[in-house]
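The values are calculated or read from the model by the stated rules, or taken from the named source; none is laboratory data. Every value quoted in this text rests on a predicted model; they were computed, and no experiment measured them. Neighbour counts run over all protein chains shown; Cβ positions are idealised from the backbone, glycine included. Areas reflect the complete protein model, heavy atoms only, side chains present, ligands, DNA and RNA absent. Shrake-Rupley method; radii C 1.70, N 1.55, O 1.52, S 1.80 Å.
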Amino acid sequence: MAEQKEIKKKPISFANLLIGAGVAQAYTTMGFCTFMKTVEVTRSKAVGGVQKSTWQVASEIFKKEGIVGINKGVNAVALRQCTNWGSRFGLSVLAENIIRDYYFGKDDKDKRTKPLPPLQKILASAIGGGLSCWNQPIEVIRVEMQSQLKTPGRPEKMTIVKAAQWIYKNNGLKGFYRGVSPRIGLGVWQTICMVYGGELVKGYFKTN
């Protein structure tokens, strides 16, 4: 009788979990939220007349274009979110390992298990948050896909590829990094809260 091989289920890695969470967040809530935020910033406002509310604008778009219309740019949002979440934690761990080498010395065999001072942990999270903005081109593409600005020659139905071509045509490579400075600040703040703050919470409840 042939031996039956035991099939072992591999545990889901934390990185894959974060990427999956980012994609799920994008397709369930972030697509509509980021679209309406961009609409509010870029839509034309009536001068001297009655201003339409956000919900009125959303209703008009939904009636005209359906669920697809109020989720414009959702694929770019999903791409941004999955790279964001994975990068923040991954780059923070990488930065922390480099700091450990410097702080404890490369020859210290216990450097990976020794507790780092809070300042060094915060620094690692800040570095990870700042570097995670490498995907700023995806964010710029997302904004362009959701923008309500009417410009001559601008494609009506934007895809990720068409948006990238339009940005490059009008602004070159530097156009993909518009607004990167405030986003770095936001990424640093968010990652300190998510990574370092998360570790504090785990330590408080003594969980792994």
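Side notes on the structure shown:
- Residue 158 being touching a residue at least 24 places away in the same chain (Cβ under 8 Å) and part of a loop (DSSP other than H, G, I, E, B): yes
- Any hit, the stretch 136-154, residues being buried (at least 17 other Cβ atoms within 10 Å of the Cβ), in contact with a helix residue (DSSP H, G or I) (Cβ under 9 Å, 6 or more places away or on another chain), assigned to a loop (DSSP other than H, G, I, E, B) and touching a residue at least 24 places away in the same chain (Cβ under 8 Å): yes
- When restricted to residues that are farther than 24 Å from residue 91 by Cα and touching a Gly at 6+ places or on another chain (Cβ under 8 Å), the stretch 165-200 contains 2.
- Subset of the stretch 83-130 that is among the small types (Gly, Ala, Ser) and over 15 Å from residue 188 (Cβ atoms) - its residue that is surrounded by the fewest Cβ atoms within 10 Å (Cβ to Cβ): 105
- For beta carbons closer than 8 Å, sequence separation of 6+ or different chains, a first residue in the stretch 58-70 that is within 16 Å of residue 37 (Cα to Cα) and open to solvent by less than 20 Å² (accessible area, probe 1.4 Å) and a second that is at pLDDT below 80 and among the charged types (D, E, K, R), there are no qualifying pairs.
- Taken over the stretch 161-182, the criterion of being closer than 16 Å to residue 73 by Cβ and part of a helix (DSSP H, G or I) is satisfied by 161, 162, 163, 164, 165, 166, 167, 176.
- Restricting the stretch 94-138 to residues that are of a type in the set (Val, Ile, Thr) and more than 18 Å from the chain's Cα centre (by Cα), the residue that is farthest from residue 200 (Cα to Cα): 98
- Whichever residue in the stretch 189-208 is part of a loop (DSSP other than H, G, I, E, B) and among the polar types (S, T, N, Q) and, among such residues, is most open to solvent (accessible area, probe 1.4 Å): 208
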